[in-house]
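A short write-up of the structure that comes next.
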């Protein structure tokens, strides 16, 4: 089980898929990591907090902002949460995570900019990529009907 993000054709000159789980801005100013697809946890707030602290430097603080509920281009529920990573009180990174709900499964895509003030145009492009998420059920049975399909 997994989910995918797509680089819209209009953004193909600025972004590239570095691997099946990583998309990067050619300028290096943003990265988007696809964290995975798993059963939704009971404690969604803890899930968000853990994801926002992912791969932070030792001793760093993470200031988690508010979340906004939206939908992907295919109408899957998506919650966007922003955060700032601080080292010794100074901002060193800006993050936006998309938390997706695909039935009883959840996925995370984490966009990171190693700057206190990222390029606003690239930030909008990252949000456009996050909105392309959709599940890939090709390796799993999702409905009972699939058990009987030829």
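Suppose we keep only residues that are in contact (Cβ under 8 Å) with a residue 12 or more places away in the chain and surrounded by fewer than 22 Cβ atoms within 10 Å (Cβ to Cβ) within segment 118-128. Which one would you say is nearest to residue 85 (Cα to Cα)? Before you say what the answer is, go through the steps one by one.
Keep residues of segment 118-128 that are in contact (Cβ under 8 Å) with a residue 12 or more places away in the chain, which gives 118-119, 122-123, 125-128.
Subsequent filtering for residues that are surrounded by fewer than 22 Cβ atoms within 10 Å (Cβ to Cβ) retains 118-119, 122-123, 125, 127-128.
Values: 118: 13, 119: 17, 122: 19, 123: 16, 125: 21, 127: 19, 128: 23 Å.
Checking each candidate, the answer is 118.
I'm trying to understand the selection: among the residues of segment 1-14, which are out of contact with any helix residue (DSSP H, G or I) (no Cβ under 7 Å at 6 or more places or on another chain) and surrounded by 18 or more Cβ atoms within 10 Å (Cβ to Cβ)?
3
Name the single residue, out of those in segment 40-58 being in a loop (DSSP other than H, G, I, E, B) and touching a residue at least 12 places away in the same chain (Cβ under 8 Å), that is surrounded by the most Cβ atoms within 10 Å (Cβ to Cβ).
Among them, the one singled out is 56.
Residues being closer than 15 Å to residue 110 by Cα and touching a strand residue (DSSP E or B) at 6+ places or on another chain (Cβ under 6 Å): count how many of those fall in segment 53-62.
3
With respect to the numbered conditions (1) at pLDDT below 95; (2) closer than 19 Å to residue 32 by Cα; (3) part of a strand (DSSP E or B), which one is the sole condition not fulfilled by residue 82?
(1)
From the residues in segment 15-39 that are surrounded by 16 or more Cβ atoms within 10 Å (Cβ to Cβ) and outside any strand (DSSP E or B), which one is modelled with the highest pLDDT?
Filtering first and then ranking leaves 30.
The values are calculated or read from the model by the stated rules, or taken from the named source; none is laboratory data. Because the structure is a prediction, the values reported are computed rather than measured. For neighbour counting, all protein chains shown are included, and Cβ atoms are generated from backbone atoms with ideal geometry for every residue, glycine included.
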